[in-house]
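Okay, so here's the structure we're looking at.
Bear in mind that the values in this text are calculations on the coordinates, not laboratory data. All values reported here derive from a predicted model rather than from experimental measurement. Counting neighbours? That spans all protein chains shown, and the Cβs are built from the backbone with ideal geometry, glycine included.
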């Protein structure tokens, strides 16, 4: 699903549709084949990660780099919790209200943030994520650093009562599919093309009549609202939330999903990245202390030697030769001239 | 009524006066050339007209509306398209996608309908695809529609830049060095294209170094030197003007 | 021969900007490369000074091959490049700009002599030593750029559009400086849009068109060549 | 707000503000030298600070070396770490970029690489030194008493050392040829290459200098605060904050920003408790509404 713009969807082959249907069926059947609740939990977390990663990619598709994906994730989680626990709304009523609330909030803050492109935007979003965590920790009615416990499960729908992990899995899967559908529709419309134009050349985009500020703000609002959707789910899934869960380097992990999966693959990239980053460290458990180091090394290796990420590398396998690397390093460090230059 | 009126434009960068009190008019459906040695202020003038720089003094009227101080995208939206001197394309996109992205101004249906892919929006989208194809055909790029812009040879990159600008449906097209760096036969083809663009009712303002092309192409020529307007007139007059020859070849030194 | 270029090809991406150019510069000679914008003049200089490694062909300087060396190594061999747009270090003072120009001069005494030499030729720079380079006038910035390049103690000086954006009076002054430098035994490659100035200064000239050399010969002969006049004024 | 503020408390708070403010300034100066010279936003900068504190602990507390010597050694050690990380990571990364790589792509990849580096450094520090809090006995335990004002000498030493380092740095940047080269490279590396300078090593030096400053900051602060592996994360947020407030690429802005944030946090903690940080963060966002480029910065890129 590389850069799904409508030009490509014209040419979506039958194989692609078959692949999509198979993956979809697999995703639906998957929890029925799994006994372990723990693995189901990991699947659910991977879905959340995928949604968050996609919000990062959405902003990146317009040339913005956010380190604040966790901010609106937290806003979504807290506001839904308050609406359910303090205002007594049902989960299904709180959900849309949360999204509207976040969208308005994102519009307000985004209007300021988006004015600063480049380095400043990166730092501002990072700091904003920290502000949200601190604000949650300071507010007594949000439980301070201790957070909120005993958040109710989503209200039952028919026979689905969210007592089992499988129910949650289907809920987040539905949310994920919704996000994929919406994002795909965006990327394949002229909105997505305008974002891409701004990312590739803001200068040229301007001379084509594209309002850079307005489109970037739109991306910010949509991305933030999507993150709030994931946050809303997370609060009622984990049933307790603390500011700490949204702080630290969560946003950076989110970014990692997108880079690892492949930056040019706005939808599939973060999904693959999230799955890999959720499951692989789990299987590295034997050396728990070494896990961050290994994650860091993986990150460096991907960035330095496979900048297309997993999907990009699969698509265009690089001709990797140690020799090339060696001569490059010689040139860099010792300043020896290239021998192959004739 | 002239299409574009440039009135007393002055633009200063630090200690450098890039433009000093420049005034001229562009009439509908003419090809107007803007020439002058390097550093004369031609590109600055283009940037002022298209909104990348705001002038320190003076104003610019397009169809009798003042456009000085407006944002780049607003000016483009009013119908002034431009190409840049350096190759400015969506390099990692195909030729077709480049023009298709350029059609932003073409849409009438609101963006949310495009997002929902309503029937009207889809119809518009299909129409715009057709239009992009038509523009590619016009600029002789149809054969390489699926090639990445970055991989095109220089001449075709210039054509593509013009194609993108045409997608914007301009009434006035600013061309910054459209034939520079081309060989004579490519230049002849491109000159011909520019004439055809004019026949479509689009007014053209050209900055160009290739004198042969400028002289044969333009109805009128304005010569800038060191930020000031030196002369204005028909190609024949310009060619024989002593001041122009001096500005170009330089005074005899030593 | 001081500098010899054989069959040079330079590419940006897939686009060939220079196509099989050959060129020679003799000892204490001024040559000029003229041509329209985008003809590839600047790229030739960038290829010689190592800023843009050539795709094929080779460049020899005083009998050794320099294509493939990196820019700072080529400067050390004695080729100085005054780049297009002067590229002086605007936020640094004039004195600091000169000091960086004198990076290759190691002893203090030699440095002093070199600076004295510069001030003899460019007295205006001595007055402006403490000023920020960015606050100089266009002409003074050009002097600074040339002075900085001379401090590398080159055998070959390459100048890219030294007359750009300067008023006629200053252009004349720059012309005198160029002859002056040449009289001290330094060879010069002059890239110019101002064809008459370039042709009056140079001994030989190359006319570049779309990355190819279309005409070469004695500058005096070229100055009266109808084809050159055509290239600049059409007709 | 000042209903129970005695002059003694006021002076104490000012001293506290100057102490943390001067550390922030050192951190931002280091980050800014790297950002301007090599165009890399280095997230690992805070981790270098933590590592500096640990190395100070190692030399001063464990090996019982002289205080000044340990401090210099921790600066040198971190400069070495910085140089190695540039050689091992960013130099290779730079070669990946082509003329057509967009600015956001370059920025993202180099920032991401520094995040990878940060994770490795953070966990590496933790594995080497353990999770428990470490503390250095301050070599200056004396408390100065003037009237009812009590000021710890070690805070004054920190301020003194920071000011000294800033002055040395200033002299280095404006008086030595190395500093001039650094500034020149930040402005136009290609023009400097044309003067015969191998700019690659200037970039390495840039990274070493910036990292060394982080190491010194960590070493200086070590006797005052407890040393934990997470101290790097805490400081990097504030460092970024100061960078934003002061404006990217302005020395005066950095110093003003560092002092401002120091004052706000010092007084804020006293009178507002733990809400101080939040208020400061909010204030910064308000500043950015009115001054998108920071207080004294030229407009950011």
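More than 32 angstrom separation, counting every C-alpha pair in chain A; what % is that?
Of all Cα-Cα distances in chain A, 34 percent exceed 32 Å.
Using Cα-Cα distances under 8 Å and only pairs 6 or more residues apart, what relative contact order does chain C have, in percent?
27
Label point 7 Å out from residue D:230 along Cα-to-Cβ: which residues of segment D:26-54 have amide N under 17 Å?
Under 17 Å, as judged by backbone N against the label point of residue D:230, lie D:46-47, D:50-51 of segment D:26-54.
With an 8 Å cut-off on Cα pairs and a minimum separation of 6 or more residues, tell me the relative contact order of segment D:25-230 in percent.
48 percent.
So in the protein assembly as shown, what percent of DSSP beta bridges are antiparallel if you round to the nearest 5?
Around 55 percent of the beta bridges assigned by DSSP in the protein assembly as shown are antiparallel ones.
First obtain the Kirkwood hydrodynamic radius of the protein assembly as shown from its Cα pairs, then insert it into the Stokes-Einstein equation at 4 °C and 1.567 mPa s, and state the resulting D in µm² per second as a whole number.
D = 40 µm²/s.
Under 10 Å, Cα contacts only: if you run a Gaussian network model on chain A, which one of A:216, A:115, A:153 comes out with the highest mean-square fluctuation?
The residue that fluctuates most here is A:115.
On the first, second and third principal axes, largest extent first, how far apart are the outermost C-alpha atoms of chain B in Å?
69, 40, 34
Is the shape of segment A:12-156 best called rounded, prolate or oblate, per the rule: a/c under 1.5 gives rounded, else a/b larger than b/c gives prolate, else oblate, with a ≥ b ≥ c the square roots of the Cα gyration tensor eigenvalues? Walk me through the numbers on the way to the answer.
Details: a/c = 2.07, a/b = 1.18, b/c = 1.75.
Oblate shape, in that a/c is at least 1.5 and b/c is the bigger or equal ratio.
Limiting things to C-alpha atoms, what are the Rg and the maximum Cα-Cα separation (Dmax) for segment D:25-230, in angstroms?
Using the Cα atoms of segment D:25-230, the pair Rg, Dmax is 18.6, 66 Å.
Just need log10 I(q)/I(0) for segment D:153-286 at q = 0.12 Å⁻¹, Debye formula, equal scatterers on the alpha-carbon atoms, no solvent, rounded to two decimals.
Ignoring solvent entirely, the Cα scatterers give -0.61.
When all alpha-carbon pairs of segment B:92-154 are counted, what percent fall beyond 20 Å?
Pairs farther apart than 20 Å: 32 percent.
Is segment D:1-143 rounded, prolate or oblate when judged by the Cα gyration tensor, a ≥ b ≥ c being the square roots of its eigenvalues, rounded requiring a/c under 1.5 and prolate requiring a/b larger than b/c?
oblate
With a cut-off of 8 Å between alpha carbons and a minimum separation of six or more residues, what is the relative contact order of segment A:37-254 in percent?
The value is 44 percent.
Measuring from centroid to centroid over Cα atoms, what is the spacing of segment D:26-92 and segment A:161-208 in Å?
41
So for each of A:60-71, B:27-38, B:134-145 I average, over its residues, the number of other beta carbons within 10 Å; can you give me the resulting order with the highest mean first? Walk me through the intermediate numbers first.
Numbers: A:60-71: 27.0, B:27-38: 20.0, B:134-145: 17.4.
Listed from highest to lowest mean packing, they are A:60-71, B:27-38, B:134-145.
Separation of segment B:75-152 and segment C:1-72 by C-alpha centroid, Å?
Centre-to-centre (Cα) distance: 39 Å.
Quick check: pseudo-label points 7 Å beyond the Cα along Cα→Cβ at residue A:164 and residue B:195, how many nm apart are they?
About 7.9 nm separates the two model spin labels.
At 4 °C and 1.567 mPa s, what whole-number value in µm²/s does Stokes-Einstein give for the translational diffusion of chain C, with Rh from the Kirkwood sum over Cα pairs?
Answer from the Stokes-Einstein relation: 71 µm²/s.
Modelled label-to-label distance, residue C:90 and residue C:111, 7 Å Cα→beta-carbon offset: nm?
2.8
Per DSSP H run of n ≥ 4, the term is -39500 (n - 2.57); total these for the protein assembly as shown, divide by its residue number, and report the mean residue ellipticity at 222 nm rounded to 500 deg cm²/dmol. Intermediate results must be reported in sequence, preceding the final value.
Details: 47 runs with 639 residues, N = 1132.
About -18000 deg cm²/dmol.
As I understand it, the value is the acute angle between the Cα axis of helix C:108-121 and the longest principal axis of the Cα atoms of chain C; what does it come to in degrees, rounded to 10?
For helix C:108-121, the angle is close to 70 degrees.
Does anyone have the angle between helix D:153-175 and the longest principal axis of chain D? Alpha-carbon axes, 0 to 90°, nearest 10?
Here the helix axis deviates by roughly 30 degrees.
Please identify, among D:150, D:183, D:95, the residue showing maximal mean-square fluctuation in a Gaussian network model of chain D using a 10 angstrom Cα cutoff.
Of the options given, D:95 has the highest mean-square fluctuation.
Expressed as a whole number of Å, what is the distance separating the alpha-carbon centroids of segment D:105-152 and segment B:37-60?
52
Using only the alpha carbons of segment C:1-105, determine the length spanned along each of the three principal axes and report them from longest to shortest in whole angstroms.
Its Cα atoms span 41, 30, 25 Å along the three principal axes.
How would you order C:67-76, B:52-61 from highest to lowest mean count of nearby Cβ atoms within 10 Å?
Descending mean neighbour count gives C:67-76, B:52-61.
Quick one: helix D:177-187 against the long Cα principal axis of chain D, what's the angle to the nearest 10°, folded into 0 to 90?
Tilt of helix D:177-187: around 70 degrees.
Build a GNM of chain A with springs between Cα atoms under 10 Å: which of A:165, A:315, A:199 gets the top mean-square fluctuation?
Maximum among the listed residues: A:315.
Under 10 °C and 1.306 mPa s, how fast does segment A:208-297 diffuse according to Stokes-Einstein, given a Kirkwood radius computed over C-alpha pairs? Answer in µm²/s, whole number. Intermediate results must be reported in sequence, preceding the final value.
Details: Rh = 15.5 Å.
For these conditions, the coefficient is 102 µm²/s.
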